[in-house]
1. Do you know which residues across the range 29-54 are out of contact with any helix residue (DSSP H, G or I) (no Cβ under 7 Å at 6 or more places or on another chain) and closer than 24 Å to residue 122 by Cα?
2. From the list 77, 41, 21, which one is surrounded by fewer than 19 Cβ atoms within 10 Å (Cβ to Cβ) and not assigned by TED's automatic domain parsing to the domain that holds residue 159?
3. Show me the helices (runs of 4 or more DSSP H) entirely contained within the range 14-128 in which 2 or more residues are farther than 30 Å from residue 197 by Cβ.
4. Evaluate the range 158-166: report whether one residue or more is modelled with pLDDT of 90 or more, part of a helix (DSSP H, G or I) and more than 23 Å from the chain's Cα centre (by Cα).
């Protein structure tokens with residue numbers, strides 16, 4: 001006989017198995033082609049069990065997208081806190097931003113299903129409800145950009161950077177670094193060597209700092225470039 005506390009735990013475990021399987025299936029097949037029967041087989045539950053948790057495929061897809069996006073955003077927020085939180089001077093900013101870009105673009109097997117899902121969503125955007133796309137954007141990309149903007153605001157207040165529009169500055173940083181490897185950086189595999197990735201990201205960070213370092217400190221950009229060339233020549 002199940003105890004009052006074992007039933008909820010079992011229900012939570014089944015829901016997690018369903019969302020995990022759904023993320024993988026939706027990432028492989030897309031929303032339109034994916035079938036509830038396929039998800040049930042992968043989760044090792046019955047289709048009835050899925051319908052006990054979710055009203056249908058669209059509700060399941062929405063839950064998977066929001067949960068997966070939130071999980072990735074949580075990890076990236078912690079990465080930003082760890083790398084940018086201690087920064088309080090321009091020299092430290094260059095080093096921390098490069099470390100942030102490097103780690104952000106290091107392949108993570110745990111992100112494979114999520115970014116496969118994102119690519120499928122982008123391919124099927126015209127067929128997906130606008131509310132779903134907006135929910136994904138709010139839970140993932142926008143939240144991540146706002147978190148980076150928050151750190152850049154702090155660096156502006158310290159005089160480390162000159163940032164008049166933190167969200168625009170965050171977008172510039174992401175385009176110059178994360179955007180370079182958006183297709184291969186989170187798939188769990190990549191053909192780009194760590195040294196090549198570091199070289200490209202260092203150039204992106206220098207370009208960002210050229211626009212956002214206080215104008216009284218241009219020499220730091222040249223110093224950072226010389227140090228990079230010395231280490232990776």
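The values are calculated or read from the model by the stated rules, or taken from the named source; none is laboratory data. Remember, predicted model here, so these are calculated numbers, not experimental data. Neighbour counts run over all protein chains shown; Cβ positions are idealised from the backbone, glycine included.
1. 29, 33, 35, listed by residue number.
2. 41
3. 36-43, 47-53, 57-84
4. no
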